[in-house]
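Read-outs: derived from the displayed coordinates by stated rules, not from any lab. As the structure is a prediction and not an experimental result, all values here were calculated from the model. Because the Cβ atoms are built from the backbone with ideal geometry, glycine has one as well, and the counts that use them run over all protein chains shown.
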Amino acid sequence: MYILGIESSCDETSVAVVQDGAKILSNCILSSVRVHKRFGGVVPEIASRRQYDYIDRVYQRALAEAGIRQEQIGAIAVVNGPGLIGSLLVGVSFAKALATALRKPLVCVNHLYAHLYPPFFKKTRPRFPFLGFVISGGHTHLYLVKDFDTITLVGKTRDDAAGEVFDKVARSFDLGYPGGPVIDALYDPAQKAAFTFKCGQFLDGFNTSFSGIKTAVIFKKDTIERQQGNPLTASQKAAMLSSFQESIVQTIARTAIAAAVRYKVRDIVCGGGVVANKRFREVITAAAIAQHKRVFLSELSLCSDSAAPVAGLGYHLFRKGHRSSIHDGVFSTQPAA
Ligand code: KG4
Ligand code: ZN
């Protein structure tokens, strides 16, 4: 069965065709990130106008790359939240129009849950129940996943998301947007403990806090620059950012492993843009081995927002009887699990 996936929650416009939840036939992604770079972050109005202009072309291309005609689509899966409201509206309206015109069933998919799907495209798949960690620009959410539609939130950031902090710190260091990939590339293992920066952790469950470390890093930079009367040198920047990144990735990995132990699950699935981070991948993989856990990391091309995981998850939800109506709305915040 061919599922058409549509994702437009942030600055990407993505349409994919996935067969039986397992085989990606196409996964077309058009990003407007280049336009947003000069503003230092995503401008919602620009993102949604671009999506409105291009979604039809991305759809046509996804069908052409998959080599199918639109009549062959079995169902349409679309992200209806959480995300930018204008952006979501474009994808959801497009999906509803298609579902009506083609007389195909519609399945709404949660953006965050879709981030946990990429390992299901592989031969060796996670086993339920597993812990799912969504680590992205907008969310740092930890879930206990009992099935594709039985998901409970067990921890989250109390303030900034991990990716958001990468972006904000990079911005204050004049490193451009998005900041995660730049800080990742600057990482020097010899400097991972050059500075002591701590993330917040709470004793009640598996909640974290990243706004304190963001302020500490920016404050430290300003203090040193004031003392030396000059901007930080490249090596000072690299040392500070390596220590910052180390603290973030260690905190996330520690939280994931502790939750897996507490909930007595073997498998940990991580998805979202920050999962592309090389040091994070090393740290969580080593920590999982030490605790006899299995870790499944989204492959690099599927860490960020795209429609293939939406179609993949949509397939399983469809099989389980989920259907959405053209009267269902969009959610800028996370709909109830
Ligand atoms: O999942 P995503 O593409 O969009 C959201 O749903 O938010 O995540 C984007 C976030 C940005 O904050 C970006 O800086 C971060 O993922 N990111 C990274 C890396 N690549 C992207 N963070 C750390 N290391 C990376 N290599
Ligand atoms: Zn996302």
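With the gyration tensor restricted to C-alpha atoms of the range 142-262, the semi-axes of the equivalent ellipsoid amount to 31, 14, 13 Å, longest first. Pairwise Cα distances in the range 46-99 exceed 16 Å for 45 percent of all pairs.
Applying 1/(1 + (r/R0)^6) with R0 = 35 Å to the Cβ-Cβ distance of ARG266 and ASP188 gives a FRET efficiency near 0.55. Which entries of LYS37/LYS221; LYS293/LYS320; LYS146/LYS278; LYS221/LYS264 have Cα-Cα distances beyond 31 Å here? Cα-Cα > 31 Å for LYS221/LYS264; rest within.
Helix 211-228 against the longest principal axis of the chain: what's the angle in degrees, Cα atoms only, rounded to the nearest 10? For helix 211-228, the angle is close to 40 degrees.
Arranged from fewest to most other beta-carbon atoms within 10 Å of their beta carbon, THR333, THR150 become THR333, THR150.
For the range 177-277, the list of trypsin sites (Lys or Arg not before Pro) that fall in a loop by DSSP and count at most 12 other C-beta atoms within 10 angstrom reads LYS198, LYS264. Using a Förster distance of 25 angstrom, determine the FRET efficiency expected from the C-beta separation of HIS292 and ASP204, and round it to 0.05. The value I calculate is 0.40. Take every Cα-Cα pair in the range 116-162 and report what % of them are more than 14 Å apart. When all Cα pairs of the range 116-162 are counted, 53 percent exceed 14 Å.
Within the chain, what's the longest run with no chymotrypsin sites (Phe, Trp or Tyr not before Pro) in a DSSP loop and at most 12 other beta-carbon atoms within 10 Å? Give the range, please. The longest uninterrupted stretch comes out as 40-201. The alpha carbons of the range 1-131 stretch over 41, 38, 22 Å along the principal axes, in descending order.
Relative contact order, whole percent, for the chain stands at 25, derived from Cα pairs under 8 Å and 6 or more residues apart.
Please give the Cα centre distance for the range 231-247 versus the range 1-69, rounded to the nearest Å. When both Cα centres are located, 35 Å separates them.
Given +1 at the Cβ of Lys and Arg, -1 at the Cβ of Asp and Glu and no other charges, the dipole of the chain around its Cα centre is 680 debye to the nearest 20.
Excluding same-chain neighbours fewer than eight residues apart, the aspartates and glutamates reachable from LYS104 by a Cα-Cα span under 15 Å are GLU71.
As a ratio to 2.2 N^0.38 Å, the alpha-carbon radius of gyration for the range 191-323 is 1.32. The fraction of all Cα pairs in the range 99-181 landing in successive 10 Å bins from 0 to the largest distance is 16, 33, 28, 18, 4, 0, given as whole percents.
Between GLU65 and PHE39, the modelled labels are 2.6 nm apart [label points 7 Å from Cα along Cα→Cβ]. What the pair-distance distribution of the chain shows, using all Cα-Cα distances binned every 10 Å from zero, is 6, 26, 32, 23, 10, 2, 0 percent.
If you average 1/r over every pair of different alpha-carbon atoms in the range 177-236 and take one over that average, what Kirkwood value in Å do you get? Every distinct Cα pair counted, the radius reaches 13.7 Å. For the range 204-243, the Kirkwood hydrodynamic radius from C-alpha pairs, put into Stokes-Einstein at 10 °C and a viscosity of 1.306 mPa s, yields a diffusion coefficient of 138 µm² per second. Overall shape of the range 277-321 was characterised from the C-alpha gyration tensor. The equivalent ellipsoid obtained from it has semi-axes of 28, 15, 5 Å, in decreasing order.
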